[in-house]
1. Looking at GLY20, is it of a type outside the set (A, V, I, L, M) and in contact (Cβ under 8 Å) with a residue 60 or more places away in the chain?
2. For ILE84, only one of the following conditions fails: (1) in contact with a Ser or Thr (Cβ under 6 Å, 6 or more places away or on another chain); (2) closer than 20 Å to LYS49 by Cβ; (3) part of a loop (DSSP other than H, G, I, E, B); (4) among the hydrophobic types (A, V, I, L, M, F, W, C). What is its number?
3. Kindly list the number of the only condition in (1) within 20 Å of TYR96 (Cβ to Cβ); (2) free of Cβ contacts under 8 Å to residues at least 60 places away in the same chain; (3) charged (D, E, K, R) that fails for ASP65.
4. Give the number of residues within the range 67-101 that are among the small types (Gly, Ala, Ser), surrounded by fewer than 16 Cβ atoms within 10 Å (Cβ to Cβ) and closer than 18 Å to GLN3 by Cβ.
5. Given the options GLU35, GLU51, GLU11, name the one that is touching a residue at least 12 places away in the same chain (Cβ under 8 Å), farther than 18 Å from ILE106 by Cα and of a type in the set (D, E, K, R).
6. So, in the range 83-106, exactly how many residues are at pLDDT below 90 and among the aliphatic types (A, V, I, L, M)?
7. Determine if the range 46-66 includes at least one residue that is under 22 Å from ARG10 (Cα atoms), surrounded by 12 or more Cβ atoms within 10 Å (Cβ to Cβ), touching a Gly at 6+ places or on another chain (Cβ under 9 Å) and among the charged types (D, E, K, R).
Amino acid sequence: MFQRKYRANREDIEKTIKNGFNIQGNFVYAKVSREKRENTTFAIIISKKTEKTSVGRHLLKRRIDSAIEDYIKVKKQEIFKTIIVFPKKFENIPKYSQIHGDIFEILSKTS
């Protein structure tokens, strides 16, 4: 799980969903806030429509979370926005390498 300073609060999530813009990837898409913030914050939202089982939802969340952590460690740059990540619906859960590439592509577009 990423550090607390990178977690978005409920108010920021609601504002971003309402007023943000989408960035599409192959396996996930992100909703990015339009307004600047003091620091970068993230949220991961996985609905039961995307993955029925809680095991699958937790697996997806851990994979997305790990990819975001890797991006923060490698790039070491702040985006200064709220970013909410939603996985797309697939029959089989995407592999970590697929999600990792998608997250890096999406986050590099936001900065």
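1. Taking the combined requirement at face value, the residue satisfies it.
2. Every listed condition holds for ILE84 apart from (3).
3. It is condition (2) that ASP65 fails.
4. 0
5. Residue meeting the stated conditions: GLU51.
6. 1
7. no
This table checks each residue for (1) in a helix (DSSP H, G or I); (2) within 24 Å of GLY20 (Cα to Cα); (3) not acidic (Asp, Glu).
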| residue | (1), (2), (3) |
| --- | --- |
| ALA67 | yes, yes, yes |
| LYS73 | yes, no, yes |
| ILE79 | no, yes, yes |
| GLU91 | no, no, no |
| PRO94 | no, no, yes |
| SER97 | yes, no, yes |
| HIS100 | yes, yes, yes |
| LEU107 | yes, yes, yes |
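The values are calculated or read from the model by the stated rules, or taken from the named source; none is laboratory data. Values in this document were obtained by computation on a predicted structure and should not be read as measured data. All Cβ positions, glycine included, derive from the backbone under ideal geometry; neighbour counts span all protein chains shown.
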